[in-house]
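The values are calculated or read from the model by the stated rules, or taken from the named source; none is laboratory data. Because the structure is a prediction, the values reported are computed rather than measured. Here the Cβ positions follow ideal geometry from the backbone for every residue, glycine too, while neighbour counts run over all protein chains shown.
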Amino acid sequence: MPDEDSPKPKKPKKADNPEGEMSVREAGKKGGDTVRNRYGSGFYEEIGRKGGEATRERHGAGFYEAIGQKGGKVVKEKYGADFYEQIGHKGGQKVKKLIADAKNAAAEKAAKEEEKT
């Protein structure tokens, strides 16, 4: 058991926290980065899928519909109905670009294959 009179180890001080202790946010980021480096970013996808399956088994598939509707109402109240039109348009433009990029990549691949033969 350490002697109560002995000095305690000093923690490195940070500019934003003179006590030298990590904030909850800093500790969370450090832990998240460590997990990502140890297990890979796919680890989060896997645990998210498992958590979603467990939630569906516990609460039923309708649970997701109910929370989606609840969240949608809050967003509509906060941003208005036109917000959905705006984000729908943005999403459609993104999909259109992704499809065009995929077609271009497929055409380039086919052209390279054609050159080899």
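The figures follow:
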quantity: In the range 53-68, the residues that are part of a helix (DSSP H, G or I) and either in contact with a helix residue (DSSP H, G or I) (Cβ under 6 Å, 6 or more places away or on another chain) or exposed (fewer than 10 other Cβ atoms within 10 Å of the Cβ) (or both); calculated: Glu57, Arg58, Gly62
quantity: Residue within the range 79-94 that is part of a helix (DSSP H, G or I) and in contact with a helix residue (DSSP H, G or I) (Cβ under 8 Å, 6 or more places away or on another chain) present; calculated: yes
quantity: Lys109 being assigned to a helix (DSSP H, G or I), among the charged types (D, E, K, R) and at pLDDT below 95; calculated: yes
